[in-house]
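The values are calculated or read from the model by the stated rules, or taken from the named source; none is laboratory data. Just so it is clear, the model here is predicted, and its values are computed rather than measured. Cβ placement follows ideal geometry from the backbone for every residue including glycine, while neighbour counts extend to all protein chains displayed.
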Amino acid sequence: MVISPPKAERTTPLREQMRRTLKQLGYADNSIESYVEIVRDYAAYHRKSPDLLTEVDIRNYFEHLASDKNVAWSTQHKAMCGIVCFYREVLRRELGDFGQFSMASKPKRLPVVIARERVLELLKAVPGETNRLVCKLLYSAGLRISEALDLRIQEVDFDRKTILVREPKHNTDRQTMLADLVIPELRAHLDRVKRQHQMDLADGFGRVTLPHALARKYVNADRQPGWQWVFPAKGFSIDPADDRRKRFHIFDNTIQKALARAVAIVGIDQHFTPHCLRHCFGTHLYESGVDILRIKELMGHRDISTTMIYVHLARKPGETVKSPFDL
């Protein structure tokens, strides 16, 4: 049954209505924008407003993704999640059976992992002090790139040598380690960030976007040093929530480009991305003798089967079994 939205919402563009609804439901900003883009592509393919489309149109779109565009399983699955979310959460419409459609095959791929010595060589080649520090945290603490860039100053505890990861992928907070070798560089970096924040306050700025409704509950919390980003952007941008100029954190594509340059400089032939540093963290911990359950906790995996991939990666076939060519 279709539940019609209030009349006041009918004049709101669907994509803005979708952003607002998913934000209220606690979806991450990256997920919201990804889902909005999916629905936009879905509507563009049919050349109709998505609220006028039916289950048959959904099935045809998924068929188009698999057969015509030859997308990966993950892309088709994300499209399915985005479209189902749009109908259920935004239009308040329960979908019927899509019917049968071609599903892209889900490959079982191993992540790219390189030796610890190679990782250290790569990190030295990353251009820019801030970019290099972000990459060091990805490897030394096993962070996802979004987790590193979303860090606030108050979530770094130098005394206990821990990093508190708030609202990660599965929305369950966790603690991970802060490596000794990173501490001096991170301390110096945060000193610079705090000085910049004091200058921003003196210039009439210095506010930062706060999660959920904290800005209303704690009026001046967005000016406090602890809430500032660990990796703030160089310039200001307009916060659409209140139209104020604020510093957002640096964007993930900045780190991706910096690491790609380092990969080229060092001469790594594999497709090595920032997320591969997290995989190196898990694999190298297991190789050093850390219990697999402890690694699961540090990395924030929901299921132990996800962590078990590092057991497989740590096993080097040539060390335990000789190739018949070498016998």
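Mind listing just one residue for me: the one in region 120-135 that is assigned to a helix (DSSP H, G or I) and of a type in the set (Val, Ile, Thr) and, of those, nearest to residue 295 (Cα to Cα)?
The qualifying residue nearest to residue 295 (Cα to Cα) is 134.
Taking into account only those residues within region 143-171 that are crowded, with 18+ Cβ neighbours inside 10 Å and among the basic types (Lys, Arg), which is nearest to residue 207 (Cα to Cα)?
152
Restricting to region 136-172, what's the tally of residues that are outside any loop (DSSP other than H, G, I, E, B), within 21 Å of residue 194 (Cα to Cα) and more than 13 Å from the chain's Cα centre (by Cα)? Steps first, answer last, please.
Here is the first cut: in region 136-172, the ones outside any loop (DSSP other than H, G, I, E, B) are 136-141, 145-149, 152-157, 162-165.
Filter once more, keeping what is within 21 Å of residue 194 (Cα to Cα): 136-137, 147-149, 152-157, 162-165.
Add one more test, that the residue is more than 13 Å from the chain's Cα centre (by Cα), and what stays is 136-137, 152-157, 162-164.
Of the residues in that region, 11 qualify.
If we keep just the residues of region 220-231 that are among the polar types (S, T, N, Q) and over 22 Å from the mean Cα position of the chain (by Cα), which is modelled with the highest pLDDT?
Step by step, filter region 220-231, then rank; the result is 224.
Looking at region 231-247, I want the residues that are within 18 Å of residue 153 (Cβ to Cβ) and among the hydrophobic types (A, V, I, L, M, F, W, C) and have a partner that is at pLDDT 85 or above and assigned to a strand (DSSP E or B) with Cβ atoms under 7 Å, at least 6 apart or on another chain. Which pairs are those?
231/249; 233/249
Taking the stated definitions as given, is residue 293 modelled with pLDDT of 90 or more and in contact with a Phe, Trp or Tyr (Cβ under 8 Å, 6 or more places away or on another chain)?
So residue 293 fails the test.
Results for (1) among the small types (Gly, Ala, Ser); (2) modelled with pLDDT of 95 or more, shown as yes or no for each residue.
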position: 169; (1), (2): no, no
position: 178; (1), (2): no, yes
position: 186; (1), (2): no, yes
position: 208; (1), (2): no, no
position: 211; (1), (2): no, no
position: 218; (1), (2): no, no
position: 233; (1), (2): yes, no
position: 237; (1), (2): yes, no
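With respect to the numbered conditions (1) crowded, with 18+ Cβ neighbours inside 10 Å; (2) over 24 Å from residue 297 (Cα atoms); (3) of a type in the set (Phe, Trp, Tyr), which one is the sole condition not fulfilled by residue 251?
Of the numbered conditions (1) crowded, with 18+ Cβ neighbours inside 10 Å; (2) over 24 Å from residue 297 (Cα atoms); (3) of a type in the set (Phe, Trp, Tyr), the odd one out for residue 251 is (1).
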